[in-house]
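Structure first, commentary second.
The values are calculated or read from the model by the stated rules, or taken from the named source; none is laboratory data. Worth saying up front: this structure is predicted, and the values here are computed from it rather than measured. Quick reminder, even Gly has a Cβ in these numbers, built from the backbone with ideal geometry, and neighbours come from all protein chains shown. Side chains are part of the model used for accessible areas, which takes the heavy atoms of the whole protein and leaves out ligands, DNA and RNA. Shrake-Rupley method; radii C 1.70, N 1.55, O 1.52, S 1.80 Å.
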Amino acid sequence: MSVDAELSDFIRRMPKVELHVHLEGAIRAPTLLQLAKRRSVELPAGDVAGIERWLEFRDFDHFLEVYLTISRCLRDPEDFQLITAAFLEEQARQNIRHTEAHFTISTHIANGVNAGEVAEALAETVLDGERNLGVRLRWIPDIVRNVDPSRADQTLEWALSHRDHFVAAIGLSGKESHAAAPFREHFEVAKAEGLHRAVHAGEQSGPATVWEALELCGAERIGHGIRAVDDPDLVDELRRRRIPLEVNPTSNVCLGLVASLAEHPIRVIREEGLSFSINSDDPALFHTSLTRELELVAGELALNRREVASLSTAALDQAFLTPGERDTLAGEFAAWFEKDGLSPDSPSG
Ligand code: ADE
Ligand code: ZN
């Protein structure tokens, strides 16, 4: 079911928070072509239409292959500034006031980038976004399960040494057929040092990976986690501990993990009373955006304006913000919704 024009307009305009999006997966085709030319990287296609065809994923391995090719187009600090500035403009266009973005620094280090220079460059662009566009961005450097565990050391080190460069958390991504156990110590150190933890799990594999994320990684949020619904004990545990799932519906369909939106576990996740947020994951690779994902979910679950607004406020609650930052944004969101006729005690909207 699709949403009517009025609800669609409300979703487009309302203030939003995005908690699960990858910087490298947010590079739109024209920017990618520009970077590939700049860095003399041969892409499988030389125009936007060809790039779109390249992005029809056969499976998760194909997706990772595309990801690595895109990453090879990023070399100098200016490249990272270019993609971050474009990303922030897009977030501002969608009125996404706070974003937490995964970023795979270890892949870029393996490609020969200067990690310190990249951190400086990213911080400069984040600051510009905050000042000029009024949107906030925080980083989640992620450890990749399916590469040499020594690269995880680089990720943790980069995260810890650049905390004042807008790093909020440490993440875990990649192929879930690779266990989380080798990274237990990285997550323990991150926690002891005061970094948050957001872990991809229960996307490509079953509930066991979500248990691992909780028990070995001290995950505070689960990236995807859609397979958690297959284990009632896990559902109880997630609900009891209020661990949110970062749900990315179109990503799951594009990667063949869910047959269609109608069969997506989002309905069960909501009915079970689990905390969740809606996100785009890799918007450029899946031809989507947070706005689009919210529209799809609103249509599928037949949500009204008030229920859609509560998705924004729930994501804000789940964000890795300080209490002061959260209060400020919550006040701004409440004022916006009130102006739009959604005061805290008004009817369903
Ligand atoms: N890296 C980028 N997108 C990802 C996803 N959906 N799952 C795991 N790792 C990823
Ligand atoms: Zn992801």
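Filtering F63, F57 for residues that are part of a loop (DSSP other than H, G, I, E, B), in contact (Cβ under 8 Å) with a residue 40 or more places away in the chain, within 16 Å of ligand 2 (Cβ to nearest atom) and out of contact with any Lys or Arg (no Cβ under 9 Å at 6 or more places or on another chain) leaves a single hit, F57. With the requirement that a residue be in a strand (DSSP E or B), within 16 Å of ligand 1 (Cβ to nearest atom) and among the charged types (D, E, K, R), what does region 72-103 give you? Passing the criteria: only E100.
Collect the residues in region 184-223 that are within 16 Å of ligand 2 (Cβ to nearest atom), in contact with a helix residue (DSSP H, G or I) (Cβ under 7 Å, 6 or more places away or on another chain) and not polar (S, T, N, Q), keeping them in residue-number order. Answer for region 184-223, where residues must be within 16 Å of ligand 2 (Cβ to nearest atom), in contact with a helix residue (DSSP H, G or I) (Cβ under 7 Å, 6 or more places away or on another chain) and not polar (S, T, N, Q): R197, V199, A201, G202, E203, V210, C217, A219, R221, I222. Considering region 259-277, and only residues there that are aliphatic (A, V, I, L, M) and part of a loop (DSSP other than H, G, I, E, B), the residue that is surrounded by the most Cβ atoms within 10 Å (Cβ to Cβ) turns out to be L274. Here I70, I51 are screened, and the one residue that is without any contact (Cβ under 8 Å) to a residue 60 or more places away in the chain and within 16 Å of ligand 2 (Cβ to nearest atom) is I70. When region 143-160 is filtered for residues that are within 20 Å of E117 (Cβ to Cβ) and either touching a residue at least 24 places away in the same chain (Cβ under 8 Å) or in contact with a Pro (Cβ under 7 Å, 6 or more places away or on another chain) (or both), the ones remaining, listed by number, are R151, D153, Q154, T155, L156, W158, A159, L160. Of all the listed residues (F87, F60), the sole one being at pLDDT below 95 and open to solvent by less than 40 Å² (accessible area, probe 1.4 Å) is F60.
Kindly indicate which of A123, A159 is under 20 Å from the mean Cα position of the chain (by Cα), within 23 Å of P182 (Cα to Cα) and in a helix (DSSP H, G or I). Steps first, answer last, please.
Details: A123 fails: within 23 Å of P182 (Cα to Cα).
Within the list A123, A159, the selection yields A159.
Quick test for you: out of R242, R292, R306, R270, pick the one residue that is over 30 Å from D164 (Cα atoms) and touching a Ser or Thr at 6+ places or on another chain (Cβ under 7 Å). So the residue among R242, R292, R306, R270 that is over 30 Å from D164 (Cα atoms) and touching a Ser or Thr at 6+ places or on another chain (Cβ under 7 Å) is R306.
Taking region 170-203 as the range and being among the aliphatic types (A, V, I, L, M) and without any contact (Cβ under 8 Å) to a residue 40 or more places away in the chain as the test, the residues that pass are I170, A179, A180, A181, V189, A190, A192, L195, V199, A201. Tallying residues that are touching a helix residue (DSSP H, G or I) at 6+ places or on another chain (Cβ under 6 Å) and either surrounded by 19 or more Cβ atoms within 10 Å (Cβ to Cβ) or of a type outside the set (G, A, S) (or both) within region 36-57 yields 5.
Within region 224-249, the set of residues being of a type in the set (A, V, I, L, M, F, W, C) and either touching a Leu at 6+ places or on another chain (Cβ under 9 Å) or away from ligand 2 (no atom under 16 Å from the Cβ) (or both) comprises I226, A228, V229, L234, V235, L238, I243, L245. Is it the case, given these coordinates, that E300 is open to solvent by 10 Å² or more (accessible area, probe 1.4 Å) and assigned to a helix (DSSP H, G or I)? Spelling it out, E300 is indeed open to solvent by 10 Å² or more (accessible area, probe 1.4 Å) and assigned to a helix (DSSP H, G or I).
For E24, are the conditions met, namely being of a type outside the set (F, W, Y), touching an Asp or Glu at 6+ places or on another chain (Cβ under 9 Å) and within 16 Å of ligand 1 (Cβ to nearest atom)?
Here the answer is yes, as E24 does meet what is asked.
Does G256 count as within 16 Å of ligand 2 (Cβ to nearest atom), at positive phi and either at pLDDT below 95 or buried (at least 24 other Cβ atoms within 10 Å of the Cβ) (or both)?
The answer is no for G256.
Taking the stated definitions as given, is V48 over 17 Å from the mean Cα position of the chain (by Cα) and among the β-branched types (V, I, T)? For V48, the condition - over 17 Å from the mean Cα position of the chain (by Cα) and among the β-branched types (V, I, T) - is met.
The residue list S312, S280 contains one member that is crowded, with 19+ Cβ neighbours inside 10 Å and in contact with a Lys or Arg (Cβ under 6 Å, 6 or more places away or on another chain), which is S312.
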